[in-house]
1. Take region B:57-80 and flag every residue that is within 14 Å of chain A (Cβ to nearest Cβ) and surrounded by fewer than 19 Cβ atoms within 10 Å (Cβ to Cβ).
2. Give just the number: which of (1) without any contact (Cβ under 8 Å) to a residue 60 or more places away in the chain; (2) facing chain A (nearest Cβ under 9 Å); (3) more than 21 Å from C:TRP81 (Cα to Cα) does B:PRO107 not satisfy?
3. Report yes if some residue within region C:72-83 is of a type in the set (A, V, I, L, M, F, W, C), farther than 17 Å from C:PHE55 by Cα and modelled with pLDDT of 90 or more; otherwise report no.
4. Inside region B:58-137, counting only helices (runs of 4 or more DSSP H) that do not spill past its ends, which hold 2 or more residues that are over 23 Å from B:THR24 (Cβ atoms)?
5. Could you list all residues from region B:12-25 that are more than 9 Å from chain A (Cβ to nearest Cβ) and either more than 15 Å from the chain's Cα centre (by Cα) or not aliphatic (A, V, I, L, M) (or both)?
6. Testing B:LEU190 on (1) under 17 Å from the mean Cα position of the chain (by Cα); (2) at pLDDT 90 or above; (3) of a type in the set (A, V, I, L, M), one condition comes back false. Which one is that?
7. Of the conditions (1) part of a helix (DSSP H, G or I); (2) surrounded by fewer than 19 Cβ atoms within 10 Å (Cβ to Cβ); (3) of a type outside the set (S, T, N, Q), B:ALA34 satisfies every one except a single condition; which number is it?
8. Residues that are away from chain B (no Cβ under 14 Å), assigned to a helix (DSSP H, G or I) and either under 27 Å from A:ALA171 (Cβ atoms) or at pLDDT 90 or above (or both): does region A:42-54 have at least one?
4 protein chains.
Amino acid sequence: MPHGEMTTSRLEAFSDGVIAIIVTIMVLELRAPAQPTWSALLKIAPIFLSYGLSFLVVAIMWVNHHHLIHAVHQVTARLLWTNLNLLFWMSLTPFVTDFLGKNHREPVAVALYGFDLALCGCAFYLLRTELVRQDRDTQLAGHHASIQRKNVGSIVLYFSSVPLAYVSIYASFFIFALIPAMYFLPENKLALGDRNEQRSKE
Amino acid sequence: MPHGEMTTSRLEAFSDGVIAIIVTIMVLELRAPAQPTWSALLKIAPIFLSYGLSFLVVAIMWVNHHHLIHAVHQVTARLLWTNLNLLFWMSLTPFVTDFLGKNHREPVAVALYGFDLALCGCAFYLLRTELVRQDRDTQLAGHHASIQRKNVGSIVLYFSSVPLAYVSIYASFFIFALIPAMYFLPENKLALGDRNEQRSKE
Amino acid sequence: MPHGEMTTSRLEAFSDGVIAIIVTIMVLELRAPAQPTWSALLKIAPIFLSYGLSFLVVAIMWVNHHHLIHAVHQVTARLLWTNLNLLFWMSLTPFVTDFLGKNHREPVAVALYGFDLALCGCAFYLLRTELVRQDRDTQLAGHHASIQRKNVGSIVLYFSSVPLAYVSIYASFFIFALIPAMYFLPENKLALGDRNEQRSKE
Amino acid sequence: MPHGEMTTSRLEAFSDGVIAIIVTIMVLELRAPAQPTWSALLKIAPIFLSYGLSFLVVAIMWVNHHHLIHAVHQVTARLLWTNLNLLFWMSLTPFVTDFLGKNHREPVAVALYGFDLALCGCAFYLLRTELVRQDRDTQLAGHHASIQRKNVGSIVLYFSSVPLAYVSIYASFFIFALIPAMYFLPENKLALGDRNEQRSKE
């Protein structure tokens, strides 16, 4: 096993650790209601839904991050810091989720949620750009370019959800639901690309 | 080491991380009583007991999850998402545990606790169904079918604890104690099945 | 790599994860004082000291747990559950630490702290007993017996700190300081035993 | 794979786990403001900035720790405890960050923040001293000595930020910003040193 591979696995393990904690501590914001009634539970439904949405979004990021880091050949200082930049914006998800859950009808909370996810998208873009710069394998160039295009699409959508929240919060919520749906379909294709890449290595 | 195996170990590492956090953050709900007396400690006994029960339930799920993922040959997108679905319902355990600990005599808290565990059971059923679909090894078919039957049994019991909580919370608590007990015995059998499976690989 | 070894490393990884979380979430109990003055900080000194003590105690348990699991040959169901039993009592450390930090002059908090650590000691004893039962290597029998004797010593001391807290809390604190000190010296010996064991495997 | 290597990877995994938790639980201090307005969000900007600074500082420590542990040949008891000493002071970062975020204009909070980071620097110095003591490879002696000099520099700066906070908190903040900047440049050099070291092993 070459040196680069091992460091890749450590980078992945650390990132996985941080992402696992991010996804799990969000549940700490789900506080038990004071009254033990179904109507009291119903009142915290928005907090529950914003948790569910963020769980899904962070899970999608984890799957994408996993595929991305898997393709890394050498962990340079630049790659390390681009990755830490991504983890920083992802680590703000529990905060914006909590704020959204408590103020789901307020444009400011909806806008902030979209803004943080837009920044996560930008951080992903930078990380993949760094990966592409490293990787001169022309065979995968098309694969990376198609993912970057989709990523740019979701960044544009997330950024547009910020001003849109002041027009209609429902338009922003539609975007928040649309992007995860967008990412579900090409997962098979991704896995396929990954397998092909693997085959070419063997 | 083939590609599939490695991804299995990453999936397991991420799941283990999330489960380790779930099981440990529940202790944060155990807040020190305001008065330093044994009677004040006695008052938080229900919170302590609900923590102990959930620790046991999540530990059993971890052991079963470990055996299940160990039998996976290839991490498909479908398997990844069925697994994340399970982690989502498991991640709600700290919330329903806290609610139960604070309202252990209220049917609503007992019912919600049983409901979340029933959904965890369903998520396990889906995950194993996905595994069986992948795995055409007829030798293990009987092994999987027997675990699925037991799983269906615990799902039915957990779902029945929901309406039962309105008749008698003690009936529901009996179910909560019965299912962990049910899972203790066949552990040896499971380990045996696992070892046989291993032997057939070598 | 044989099957047993791999499962040992997974058991170790899960336990390490839980212990890392236990040791780190305790710091969440260290809340910033309301007034930004040195005298306000001085008032939370007992909370800080109880955190420091528990960090040390859990770290010692982690080191011992690491050496213990390293010697395991086969992860049986019984070993798995004896290990989960240990993790359960260890997971209560943040709770008893918080209670002690807030009520460091109250016998009840001192007694509860000693009681939980005594139960952790018992859980360690059970875990090593299980390991010895597995391991018929007579060469290491003396090594295990000497660790068990020391473990029994610390269990007796921790249990005696419970009634002693009602005579003098300082006597109990002396025990809490004595046991970590006791564990510092033979660490070299342990590492040596571990290395010998390793050598005999090669 | 020799025994020493494996234990190094376990030590790294445990440390990585603790550092991942430290870096992520700090976000729990970022509480959603009561009013859903941009001005209420602006009021928590200092808490956000102190979180960002600590994320960066802990990330730099993680990168350095990774390179340091990677160079370890044998995990002795002394190395284990020097490492746990470092983790202890690092684990106080969430506490001093929270205190700074809530009292960013108070000298006491600025001084305490600088003091904890100075102690982390000292713990790093001790850990590398232990590593150098082990490692008689004269080729790397110059490499270690240059890192130690830089480390002493940052310790002196952090300690000087303590009294300086009482003269001007801005002087201390300048130091807090200067040190991370200092660590960004030689990262490439470090990675290079690491690669050379690797090459000499192969």
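1. Hits for region B:57-80 are B:HIS73, B:GLN74, B:THR76, B:ALA77, B:ARG78.
2. Result: B:PRO107 fails condition (1) only.
3. Among the residues of region C:72-83, not one is of a type in the set (A, V, I, L, M, F, W, C), farther than 17 Å from C:PHE55 by Cα and modelled with pLDDT of 90 or more, which makes the answer no.
4. Helices (runs of 4 or more DSSP H) meeting the threshold: B:77-91, B:107-134.
5. B:GLU12, B:THR24
6. (2)
7. (1)
8. yes
The values are calculated or read from the model by the stated rules, or taken from the named source; none is laboratory data. Owing to the predicted nature of the structure, the values given are computational and were not obtained by experimental measurement. With ideal geometry, Cβ positions are generated from the backbone for all residues, glycine too; neighbour counts draw on all protein chains shown.
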